[in-house]
Amino acid sequence: MIGIAGIAIVTIAIRLPNNVIFDTRSILLCVSGLVYGALPTGIAAAMIALYRLYIGGPGVVMGVTVTLVSAGIGILWRAIRKNPEKMSNREFYFFGVVTHIVMMLSMLLLPQKDILPTMKAMFVPVLLIYPLGTLAMCWIIMYERKNLQTEKLLSASEIRFQKVCEQAPIGIIVESGDVVNFVNTAFANMLRMTKEEVMRINWKTYTHPDDFDKDNSLYQQMMRGDIDQYELIKRYIRPDGEVVRAHLYLAILNRGPSFDESEYICIVQNITDEFAREQEMLESERRHREMSNFLSTLLDSIPDHIFYKDKNGFYLGANRAFELSSGIQKESLIGKNDFELFDPETAAFFVEKDADVLRQKQAVRSEETVSYQDGRRVITETLKTPFFNDEGEMSGLIGISRDITDRKSKEERIEYLSIHDVMTGLYSRMYFDTELYRLDAANDLPYSVITGDINSLKLTNDLFGHSEGDKLIMETARLLTACCGQGVVARTGGDEFSVLLPKTGEVEIARVAKTIIRAFEEKKQQARDQNFFLSVSIGYATKTSEEQTISEILKTAEEHMYRRKLLEHQSIRSTLLSTIKELLFSKSNETVEHAERMGKLARRLGAELALNEVDIVSLELMATLHDIGKIGISNSILSKPGKLDELEWTEIRRHPEMGYRIALTIPELQGIAGYILCHHERWDGKGYPQGIKGEDIPYISRIVSVIDAFDAMTEDRSYHKGMSSEEAAQEIMRHAGTQFDPDVARVFVEKILNIPFVKSEDQP
């Protein structure tokens, strides 16, 4: 029967536009599993599942899953609880909620395009109505099962009553002491017990605790013989906990030698009926309060903002989330309209949307911007739906709002990032490519394009790190934006930029290009004493007729840029070298003087060592710029007044490698790059950065090593006073063969310093 009922439910089910079937079989099957167990429920689930497979459609997988899972949840719950009759209404409802949460999750088995619409359509009925339906069905079945049991007991009692005596309208009990000798069916029925059950217990067991004291007091008086009878209105408690109100008359029938041997009769008239309506009303009110509390708790546990109004727009209530978000207490909310709670513009918008719901008598979804009294502006996604009374008349509306401010912000951020470069804030290459062709229209002619390329980005990255390179990129972006007005300025590559200027002719684009070049020159002059080598090559072209393609114009601009880069190459190199020198000498006055002295000593020593003119030029250039890598060292280390610590020494020992990388980027210095790298190597192999030794060290590097050491020893530094030439000569001679090339050291001491070379005792 359960299976047939389920098939009937599926047959008359609601079919959504996407042919997804929704019905109440989940309620039927989960309740069946809970009440009747695995066998009948399993058979019914199999029948319904096969029928659903037969129907087919895009929701067949979900439908079969819902069928089997609903039955399985009911069977599992019965196995855990063992006795469903003892479950409370609250647990029945929770059982329904769990079942239909699983039902909602099964919607993920629908085709991708149907998941979200279906969930939106079925969210409210599945999670709010279906659990209530589950609760109602469970309560009805349990109530009928209890009635059935009671009817069976009553039937058995009636048969026994016919054998004992005629049915009486009042209950009769005859007792001796605490022993029940006789009880009639009327009394047993009143307590909903069998006569045997009544006879096994005494009156104290089923007397209501609140009436026990007054009843027992009179009973004790009768036991003592003070009275022979008494009567009172009292309450009895049935085994199921139900209270029965009755009029009790108790009298001694035969007083024996002791009370236990005395016989007395109890006549009990059930007067519950006259209080039944009151009791029913009280019980109804209690259940209403419980349900209201439950629904209130449920609503307060939902993070979305939930509110409800009457048809005149006055608030009837709201959940905790609405209260916390709005800052309006629920108690103060009730009875007020939107104009009393929000600013006029927001309130007018709310009223307009409410009117749409009430007019259309159907749900309306909208995005709303809410301004709260504390100044917050929140974007919400709101679903408003009408509700109706028992007569089918529209009573008001329910609103469910979800704060989507963060989501909208993220969407806007994603949209922004999809067309903008993260670092510079300029438009991205993708956006540039789109706009390049979108703006290619007759009404935008003449249409100009500018392309640009940073000349010194790689050097800056290699020398000072990518953070300095990023500064170069961002400054380039700033200058281009400032110079190009309303044009589309985009970063089209790592060091490449492009500008689109519709309605801009050849004369105007030439003026813009000059403005850009001038801005970069001014910035370069401002930053000459910084780690900032800003140089940009640009090209431009203009589309003047519809016959030209924008691709050709872009290619022309790029070719123009590359030609400019070639023409400016020598100037860029010369400027770059000059800038590097200035930056090096700006580190300290000592460095300038040091370089000049080194150059003079190098030329003299080179001549004494019989170097040719080409090598002497290289030697002089090397001696002057051997410390070029120090431009990448912090000024705080170079000008520190005391000795350097270990970390500072580690940093300063990086300058040969940094100088090597700089030299490789400048054609004029590429020939001495290897010499710069090795100028702190030692003859004994204990130098840095490579630890090479002897003649593996380039000859020019060995020469500069001696000159550099002599100059360092003889000049005053922040951390020591300079030596005399004689003292310095002694140090050079002492370290000849260990730190210095012995032949170079000897020639320098004898020919340059004019001091006899004396080999020290510890010299190798």
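Bear in mind that the values in this text are calculations on the coordinates, not laboratory data. No experiment lies behind these values; they were computed from the predicted model shown. Virtual Cβ from ideal backbone geometry, glycine too; neighbours counted across all protein chains shown.
Using a simple spin-label model with pseudo-atoms 7 Å out from Cα toward Cβ, residue 88 and residue 545 lie 9.0 nm apart.
Can you show me the helix-derived [θ] at 222 nm for the chain, built from DSSP H runs with n ≥ 4 at -39,500 (n - 2.57) apiece and divided by the number of residues, rounded to the nearest 500.
-17500 deg cm²/dmol
Within the range 428-567, how many lysine pairs that are 8 or more places apart, or on different chains, have C-alpha atoms less than 15 Å apart?
The number of close lysine pairs in the range 428-567 is 6.
Mean sequence separation of contacting Cα pairs (under 8 Å, at least six apart), scaled by the length of the range 428-567, corresponds to a relative contact order of 35 percent. Anything over 20 Å Cα to Cα? Flag those among 120/410; 146/234; 82/146, in the order listed. Where the Cα-Cα span goes over 20 Å, the pairs concerned are 120/410; 146/234. Quick check: the angle from helix 569-586's long axis to the longest principal axis of the chain, C-alpha only, nearest 10 degrees? That helix lies at roughly 90 degrees to the long axis. Of all lysines in the structure, those lying under 18 Å Cα to Cα from residue 152, and not within fewer than 8 positions of it along the same chain, are 163, 195. Sorting 35, 758 from the fewest to the most surrounding beta carbons within 10 angstrom yields 758, 35. Once the dipole of the chain is set up with Lys and Arg at +1 and Asp and Glu at -1 on Cβ about the Cα centre, which of 288, 595, 380 lies farthest towards its positive end? Working it through, the farthest residue towards the positive pole turns out to be 288. The stretch between residue 482 and residue 329, if pulled fully straight at 0.36 nm per residue, gains 49.9 nm over its current Cα-Cα span. Comparing 253, 480, 616 along the charge dipole axis of the chain, the residue lying farthest to the positive side is 253, per the Cβ-charge model. Extending 7 Å from the Cα toward the beta-carbon at both residue 379 and residue 365 defines two label points whose distance is 1.6 nm. By other beta-carbon atoms within 10 Å, ranking 710, 187 with the fewest at the front produces 187, 710. Amide H to amide H distances under 5 Å link residue 723 with 714, 715, where only residues 5 or more positions off or on other chains count and H is placed in the peptide plane. Working from Cα pairs under 8 Å separated by at least six residues, relative contact order for the range 576-752 is 20 percent. Charges were assigned to the Cβ only: +1 to each Lys and Arg, -1 to each Asp and Glu. The resulting dipole of the chain about its Cα centre is roughly 1360 debye.
Values [x] 0.99; [y] 0.96; [z] 1.31 are given for comparison; Rg/Rh (Cα atoms, Kirkwood Rh), derived from the coordinates here, is the one labelled [z].
At a threshold of 8 angstrom on Cα-Cα distance, excluding pairs fewer than six apart, so keeping six or more, what relative contact order does the chain reach in percent?
On the way: 1133 pairs, mean separation 37.5, N = 764.
Normalised by residue count, the contact order of the chain is 5 percent.
Fully extending the segment from residue 298 to residue 600 would add 99.7 nm, taking 0.36 nm per residue of separation and subtracting the current Cα-Cα distance. Taking GluC sites (Glu not before Pro) as exposed when their DSSP state is a loop state and no more than 10 other Cβ atoms lie within 10 Å, the longest site-free interval of the chain runs over 167-390.
Can you bin the range 60-124 into rounded, prolate or oblate? Criterion: square roots of the alpha carbon gyration tensor eigenvalues sorted a ≥ b ≥ c, rounded for a/c under 1.5, prolate for a/b above b/c, oblate for the rest. Oblate shape, in that a/c is at least 1.5 and b/c is the bigger or equal ratio. When the range 2-145 is described by a simple charge dipole with +1 on each Lys and Arg Cβ and -1 on each Asp and Glu Cβ, the residue from 40, 108, 92 located farthest towards its positive end is 92. Each Lys and Arg Cβ is given +1 and each Asp and Glu Cβ -1; about its Cα centre, the range 304-408 then shows a dipole of about 220 debye.
With +1 on each Lys and Arg Cβ and -1 on each Asp and Glu Cβ, how big is the dipole of the range 428-567 about its Cα centre, in debye rounded to the nearest 20?
380 debye
Cα centroids of the range 295-353 and the range 673-714: 82 Å apart.
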